[in-house]
Each structure stands twice: as structure tokens, then as C-alpha cells.
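A quick write-up on the structure given underneath.
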Amino acid sequence: MTSQERAALDAPSLDRTLVRIAHEIREQHKDSAALALVGIRTRGVYLAERLQKKLLEITGTEIPLGTLDITMYRDDLSEVGPNPEVRETKLPFDLKQKVIILVDDVLYTGRTIRAALDALNDYGRPKMIQLAVLVDRGHRELPIRADYVGKNIPTSVKERVIIRIKEVDGRDEAVITGGKGA
Amino acid sequence: MTTASKVLWTRKDLLGLKDLSVGEIELILDTAKSFSEVSQRDVKKSPALRGKTVVNLFLEPSTRTRVSFELAEKRLSADAIGMASGGSSMTKGESLWDTIANIEALKVDIIVMRHGSSGAPHRVSNYTRCGIVNAGDGINEHPTQGLLDIFTLREIKGKIKGLKVVFVGDILHSRVARSNVWGLTKLGAEVVLCGPKTLIPWGIEELGVKVVHDVKKAIDDADAVTLLRIQMERQNETLFPSIREYASTFGLNTALFKRAKPDAILMHPGPVNRGVEIEGALADSPQSYILKQVTNGIAVRMAVLYLLSGALKNE
């Protein structure tokens, strides 16, 4: 955390938050055999991996895990600038009859989730799709909401919410930058 | 795992591997890896090029490349239209420049172009705002074929650097060989060219490749062998005594291929002339990746079209 950043979640509370989400998922879905986790690249993938571990501890079942790259489905591809890099999507299970829990780090405008729903549609017709996010910062531009929210953090549009994950950034935390006085 | 600061694609055209940097080549290969998954789904479609129009202008016969491009375009949701010289106004005397100007006036985004003259797409690209993808120009380059060969090799071997890659056959008339030579040498492979003296371009060693005329020596310890067809349609003079003699001297068979490394792979850009440059059984052996190349071709072409379309909107 630099001096410009304000803490929103430290490493232990981030972990506790994921434990809580895992229990909430377990509570809503008694039949864990139908469940599948799909992490949205990049940080959603690591959060989904951790949820998978926690659900294994709770239920004793290993829930299938997929990764989704939504670049091809973005609604701003026709805007100015070189096209963003497309990375791999891996969904190593049949989506039919599955309850998919989409996992992402921050829910903001909802456009990423819109793209993810379109993408999943091209892989099959799941029984249900739910959304789990670590942080909901508001400012939706589409009618989308999360089913599992780690923490609601009201923000201004000028602020940024940064999630750091050990696997990518070397440590676990959620911070807010910009905004106030900036 | 960090997202390395990758090269961004800013070219509106793909004319040849000669012009590309190592970073640009790797960007295409990595993007192609991501796109290869689209063709394995139930719904083989992604909306990345929705609303874009692509014209496939094939002024020389082609089946596999044209079909591969068309599938790539459709799997990206682009609107694809085919144009061949036979059915176009070019037979009524329209010049290539006028044809291109007309296509541009139809608000087309990308032209995939095959032409019998080396350098034709390069010339055309300066006169149009449309993106140009070279789908083979004379004996110069066939960049998407070169890229799909390199993609297949990298997929199986996990790397390119340090591999010994051998090309046997008609190098002189092969745009596939030239694109491979540019790409593979840039990525650090050892490239060996083999064929009758009359079918090896003079001075090609200057590009950093080795020329070996004895096919046995050429294949020794190879990691990959790519066979090239004798392009009879491009030969006005007799460059070797007969097809039969060529087959007995340079034709690859199972015994000869054993000289390569045990895990060596066999590739061929097609069309295959069984019994001439390659023994039929060898073409069907588990070490043959000829059909894998065909499958990979779609992903590589999807990647190229996706990257070009990103550069085209800067207007």
C-alpha cells in the first residue's frame, strides 16, 4: 500500500471474506455436484481457485473450475486503440445442467459481467449463472447485480479500487486510490 | 504470473514475416493459441469482428487457404465475401488498382488477397485504407502459412529456439518456404534447405540458412521436416529430369525419416502429392502433423484478422 492508497481489506479479512462467500454458496446449493466455478481473467481466476479450496474443505467435493477471458466479447472493441490481448479460456466441463458461479474481483459498471454472460452462452446453456465478487463499488451502467458480495465499498467515479492477489501482485489486499482531494 | 508488457499491434496490413519483429510474431502466436479454443466449442463463434466486412480476393487458384480464411472470418462474426479473378470485372480489363478502389468504396475493412505477382499486396497496401492480408504473392511470401507452421512447431516442441527445421523440395518457387525462413530465423531456429540445385534460390544463405543438397545429411538429427510440393504450374523450363527421378532422389520415406530425431515431426503445407515428395504411409504416420497444421491455420488467421481490425480503427 502506497501513501496515496486507503486500505479496504487486508490479507486476513480478504481471506475471511472468501470463507464467508464459500459458506453462502454452500448454503444456497446443497447439491454441490451441480456446481462449477468460473473465474474471470485475471484476478477472478485466483479468487475462484481459492473458493474452490474453501468449498473442498467445507463440502469435501472438488468443484470443477474454469477460466474465462472475455476480451472477444467486450463492447468497446470498435473504439480507438489497438485491440487488447486475447488470452485463453478453459472450461473443462459440460455447462449443461450446471450451476455456474462466475467469480470476479471488482463489480463496477457491469460491462465485464455482460460480456462474460455472452461468452458463457456460446459454450452451452447452464441451468443457472450466479455472480460472486470480492468488492462491489457501485456505479452500474447495466442492470446487473451480484449474488455474493465480499464487501460493498461506496466509491466516487474518480476513485479506483485495486485488488491485489498474492499469485499476481505478491500480496493480498484491497485498496482505494484517487478521489478525495485528488 | 505477470502480464508482461506485450507489444501492441499497430499495423493495418500483414504483408510478410520479413517486416515483423520477434515480439509481433510472438503476439500473433499467443493470440492464435487463445483463438484455437473457439473452434472446439459447440458454438464456433466469437463476436470480435461483428460488423466488419472482409473481402477474400483470390486472383490465383486456392482451396485450403481460401476456405481457412473464410472459416476464420465467420468464426469471428465478420461478414465475408469471396471474389475470384474468373468471376470478376478483372476479366473485362479492370486494373488491380481499380478493383481495390471499388472494394474500398464498398466500405470493406479488410482485403485478404492472393496474387500471382510477388509484391502485389505490398503495392496495393499503399493505395488503400483497407487492411491487407497477404494470402500468398507469387513466389515471395505466404505469411499466414508460415505463421501456422511455426505455431504448430511451437505447440508440439514448446519452443522454436535451437530447433533444426529442414525444408525439402521446390524452395525456388515456394512462398511458404520464404515466410518460414524469415520467421524461423528471427525466432532462433536452425533452418536447413534441401532440394535439387536448380530449385534452390541462389544466394539464399545470406538469410542465415544452410543449404544441403544431400537429403540424408539434411535430415540427420532434424527436429522437424517440412516437405514442399514441386510447383509444376510455376515452371516454364525443365529444372530437373523427371518427377520419377525427383521422387527417388528427394522423396521422403519412412527409412529416410528415421535419420531425424526420434521425436521429429513431419509437416507439409499441402497439397500433398503422395508418392512424389512424400511416401503415402509416412504422410499418415503418427509423426505427421499435416492435418494439425490445417486445424491450426484457422486459429492463426483469426488472430491476424483480430489484430489488424484493432489497428484499423485509428482513423
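The values are calculated or read from the model by the stated rules, or taken from the named source; none is laboratory data. These numbers come from a predicted model, not from an experiment. With ideal geometry, Cβ positions are generated from the backbone for all residues, glycine too; neighbour counts draw on all protein chains shown.
Summary table
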| quantity | calculated |
| --- | --- |
| Subset of the range A:75-98 (residues that are surrounded by fewer than 20 Cβ atoms within 10 Å (Cβ to Cβ), farther than 24 Å from A:E167 by Cβ and out of contact with any Phe, Trp or Tyr (no Cβ under 8 Å at 6 or more places or on another chain)) | A:D75, A:D76, A:S78, A:E79, A:V80, A:G81, A:D94, A:K96, A:Q97 |
| Scan of the range B:287-308 for residues that are under 18 Å from B:E26 (Cα atoms) and of a type in the set (S, T, N, Q), ordered by number | B:Q293, B:N296 |
| Residue pairs meeting the criteria (Cβ under 6 Å; at least 6 apart or on separate chains; first modelled with pLDDT of 95 or more, in the range B:13-25; second of a type in the set (D, E, K, R) and crowded, with 21+ Cβ neighbours inside 10 Å) | B:G16/B:E141 |
| Top-ranked residue of the range A:139-161 - restricted to ones that are surrounded by 15 or more Cβ atoms within 10 Å (Cβ to Cβ) and over 13 Å from the mean Cα position of the chain (by Cα), ranked as farthest from A:A8 (Cα to Cα) | A:I144 |
| From A:T71, A:T112, residue being buried (at least 16 other Cβ atoms within 10 Å of the Cβ), β-branched (V, I, T), in contact (Cβ under 8 Å) with a residue 60 or more places away in the chain and under 12 Å from A:I40 (Cβ atoms) | A:T112 |
| Those residues of the range A:131-143 which are of a type outside the set (V, I, T) and free of Cβ contacts under 8 Å to residues at least 40 places away in the same chain, in sequence order | A:L131, A:D136, A:R137, A:G138, A:H139, A:R140, A:E141, A:L142, A:P143 |
| Qualifying residue in the range B:10-29 (condition: within 11 Å of another protein chain (Cβ to nearest Cβ), loosely packed, with under 13 Cβ neighbours inside 10 Å and more than 20 Å from B:I100 (Cβ to Cβ)) | yes |
| Residue ID - nearest to A:A116 (Cα to Cα), chosen from residues in the range A:12-50 that are over 13 Å from the mean Cα position of the chain (by Cα) and part of a strand (DSSP E or B) | A:A36 |
| Residue list for the range B:154-174, filter: in a loop (DSSP other than H, G, I, E, B) and out of contact with any strand residue (DSSP E or B) (no Cβ under 6 Å at 6 or more places or on another chain) | B:G158, B:K159, B:I160, B:K161, B:G162, B:L163, B:D170, B:L172, B:H173, B:S174 |
| When residues of the range A:51-62 are limited to those that are touching a helix residue (DSSP H, G or I) at 6+ places or on another chain (Cβ under 8 Å) and either within 14 Å of another protein chain (Cβ to nearest Cβ) or part of a loop (DSSP other than H, G, I, E, B) (or both), the one nearest to B:P47 (Cα to Cα) | A:E62 |
| Filtered residue count, the range B:114-131, keeping only those that are under 16 Å from B:D79 (Cα atoms) and in a strand (DSSP E or B) | 1 |
| Conditions (1) closer than 20 Å to B:R301 by Cα; (2) assigned by TED's automatic domain parsing to the domain that holds B:A255; (3) buried (at least 24 other Cβ atoms within 10 Å of the Cβ): number failed by B:C130 | (2) |
| From A:L65, A:L35, A:L14, residue being of a type in the set (A, V, I, L, M) and without any contact (Cβ under 8 Å) to a residue 40 or more places away in the chain | A:L65 |
| B:D79 surrounded by fewer than 16 Cβ atoms within 10 Å (Cβ to Cβ), among the charged types (D, E, K, R) and at pLDDT 95 or above | yes |
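Residue by residue, here is whether (1) in a helix (DSSP H, G or I); (2) under 21 Å from B:I298 (Cα atoms) holds:
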| site | (1), (2) |
| --- | --- |
| B:V7 | no, no |
| B:K12 | no, yes |
| B:L29 | yes, yes |
| B:K33 | yes, yes |
| B:L57 | no, yes |
| B:I103 | yes, no |
